[in-house]
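*Asks:* Have a look at this one before I ask anything.
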Amino acid sequence: MHPSNWTRRAEFVRGMRAIVPLVIGAAPFGIIFGAVAVSGGVVAEGETAHQLSPLAVQSMSLFVYAGASQFIAAELVRNAAAVLVVIFTTLIVNLRHTLYSASLAPYLHGFPQRWLAPLAFGLTDEVFVVSIARYQQADSSPYKHWYQAGAAVLMYSGWQFFTLIGILAGRSIPPEQVARLGLSFAATVTFIGMLIPMLQSRALLISAAAAGAASVLFYGLPNRLGLLAAALVGIAAGVLAERAKARVPHG
Amino acid sequence: MDSLSEFLLVAGMALVTFATRYPVLAFFGKLNPPPYVLQALKFVPPAVLSALIVPSVLLPEGELAVQPNNAFLVAGVLAALIAWRSKNLLLTILLGMAAFVLWRALLGAL
C-alpha cells in the first residue's frame, strides 16, 4: 500500500469497508437473538416461559457484545438456569477471545490504555478476522490500529441496530405463534450452521462428539450445569485426541 | 426474570467477557498464556456448540425422542447435512427453519 494512504482517516474507512460483508452476515443473528430473547419461545406444558425484558436484551448487546454467548444466555434463561450458571457458561464460551487477544497483543504492544481497553471490548470473531489480516500486511503504516477501530465501530453499531430490530419483531409476535414460525428452532439451527464447518480435523470432531454424548448423559444435572460439564468433557477429549495423534505421526 | 436478576446477569456477563478480551492484550509480555492453554482453547467453540445442539434436538421436551415426530431432530439432521455440503451459514438457517416449520405442519396435518 502506498504511504500516502497511511492516514488515520483512510485506515478507519478502509477497516469499515472491509467488515461490511461480515456485518451483513451478522444481521440475521442479531435479529434472531433479539426476537428469541424477548419472546421466551415455547417451553413444556405447565411451565412458564422465562424471558428477558427488552432493556436487558439490548443491554446485553451494548455491554456484553459477544453474539454466540448472548444466544446461549437467552437459551439458558428460557430454560430457567441460575444467573451464576449463565455467567460462568458465558465465561467458558468466550474464552476463545483470549486467543484473539494473544494474537493481536504483539501488534498493540506499548499502546495507551485509552486504545487498548476499547479495542479489547470490541474484539469479536469478525473484527479479529478482519484486523489481524491488516496487521499482517507487510507495509509499515503507523495507523493500522485505526483500521481495527473502523471495523470495530461498524460491527458494534450494526449489532446494536440488528438487536433492536429483533426485539421489535419479537415483541410483536404472540407466544403461541413462536413455535409455528420456527423461532424455537432458530438458536439450534444457528449453532448447527456454526459448528459443522468448524470440524476440520479428527481432534475437533472427537471433541464435538464427546461433548454431544456427554450433554445427553449430564442432561439431568441441576441448574443446567450439564452444558458446562459436557463442554469440559469435549475440550478434554479434543486435547487427548490431539496428543495421541502427535505421538503416532503416521496414525 | 426480575429486574435485579437481569441487572446482575448482564453485569456479570459483561465483566467475564471483558476479562477474556482485555488482560492478555493489556499486559503483553507480563501475562502470556502457556501453549497448552491456547491448545485447549481451540476446542472450546465446537465442544460448547455440540453440548448445546445435541440435547435440544434429542430431548426437545426433556425426554429422549429419537423418532420421526420429533421435528427438532429431523430438521436438525437436515440442517447439519446442508451445513456440511454448503458451508453457508445463512442458507443452513433458512433451509433448516423451513424444514422445521414444514415438518411440524405435516405432522399436524396427519
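The values are calculated or read from the model by the stated rules, or taken from the named source; none is laboratory data. Quick caveat, the model's predicted, so the values are computed rather than measured. We place every Cβ from the backbone using ideal geometry, glycine too, and count neighbours over all the protein chains shown.
*Asks:* Quick one: in region B:56-65, of everything that is surrounded by fewer than 24 Cβ atoms within 10 Å (Cβ to Cβ) and closer than 27 Å to A:A203 by Cα, which residue is modelled with the highest pLDDT?
*Replies:* Checking each candidate, the answer is B:L58.
*Asks:* Taking helices (runs of 4 or more DSSP H) that do not extend beyond region B:4-85, which have at least 1 residues that are within 22 Å of the chain's Cα centre (by Cα) and facing another protein chain (nearest Cβ under 7 Å)?
*Replies:* Qualifying helices (runs of 4 or more DSSP H): B:35-41, B:44-58.
*Asks:* Give the residue that is modelled with the highest pLDDT, with candidates limited to residues of region A:167-189 that are buried (at least 19 other Cβ atoms within 10 Å of the Cβ) and either in contact with a Phe, Trp or Tyr (Cβ under 6 Å, 6 or more places away or on another chain) or not in a helix (DSSP H, G or I) (or both).
*Replies:* A:F185
*Asks:* Could you please give the count of residues in region A:78-115 that are more than 15 Å from B:R21 (Cα to Cα) and within 17 Å of the chain's Cα centre (by Cα)?
*Replies:* Going through region A:78-115 one residue at a time, the tally reaches 4.
*Asks:* Right, something else. Considering only residues that are hydroxyl-bearing (S, T, Y), assigned to a loop (DSSP other than H, G, I, E, B) and within 21 Å of B:A40 (Cβ to Cβ), which ones fall in region A:190-230?
*Replies:* Scanning region A:190-230 gives a single hit, A:S201.
*Asks:* What pairs come up if the first residue lies in region B:97-110 and is on the phi < 0 side of the Ramachandran plot and in a helix (DSSP H, G or I), the second is surrounded by fewer than 20 Cβ atoms within 10 Å (Cβ to Cβ) and modelled with pLDDT of 90 or more, and their beta carbons are under 7 Å apart, counting only those six or more places apart or on different chains?
*Replies:* Going by the 7 Å Cβ cut-off, the qualifying pairs are B:A99/B:L78; B:L107/B:N69.
*Asks:* Still on this structure, I have one more. Mind checking which residues of region A:231-251 are in a helix (DSSP H, G or I) and exposed (fewer than 14 other Cβ atoms within 10 Å of the Cβ)?
*Replies:* Residues satisfying the conditions are A:R243, A:A244, A:A246, A:R247.
*Asks:* Quick check: is even one residue across region A:120-138 at pLDDT below 95, surrounded by fewer than 23 Cβ atoms within 10 Å (Cβ to Cβ) and small (G, A, S)?
*Replies:* yes
*Asks:* Against the conditions (1) surrounded by fewer than 22 Cβ atoms within 10 Å (Cβ to Cβ); (2) of a type outside the set (F, W, Y); (3) assigned by TED's automatic domain parsing to the domain that holds B:M97, where does B:V48 fall short? Just the number, please.
*Replies:* If we test B:V48 against (1) surrounded by fewer than 22 Cβ atoms within 10 Å (Cβ to Cβ); (2) of a type outside the set (F, W, Y); (3) assigned by TED's automatic domain parsing to the domain that holds B:M97, just (1) comes out false.
*Asks:* Let me ask something else. Please find, among A:Y147, A:Y156, A:Y219, the residue that is at the interface with another protein chain (Cβ under 7 Å from one of its Cβ atoms), buried (at least 16 other Cβ atoms within 10 Å of the Cβ) and either closer than 20 Å to B:L52 by Cα or in contact with a helix residue (DSSP H, G or I) (Cβ under 9 Å, 6 or more places away or on another chain) (or both).
*Replies:* A:Y219
*Asks:* Something else: Report the residue count in region A:188-202 for those that are facing chain B (nearest Cβ under 7 Å) and in contact (Cβ under 8 Å) with a residue 40 or more places away in the chain.
*Replies:* Of the residues in region A:188-202, 3 are facing chain B (nearest Cβ under 7 Å) and in contact (Cβ under 8 Å) with a residue 40 or more places away in the chain.
*Asks:* Just to be sure, is A:F162 within 30 Å of A:A117 (Cβ to Cβ) and in contact with a Gly (Cβ under 6 Å, 6 or more places away or on another chain)?
*Replies:* yes
*Asks:* Considering region A:66-123 alone, what residues qualify as being more than 8 Å from chain B (Cβ to nearest Cβ), in a loop (DSSP other than H, G, I, E, B), closer than 19 Å to A:A152 by Cα and among the small types (G, A, S)?
*Replies:* Correct list: A:G122 only.
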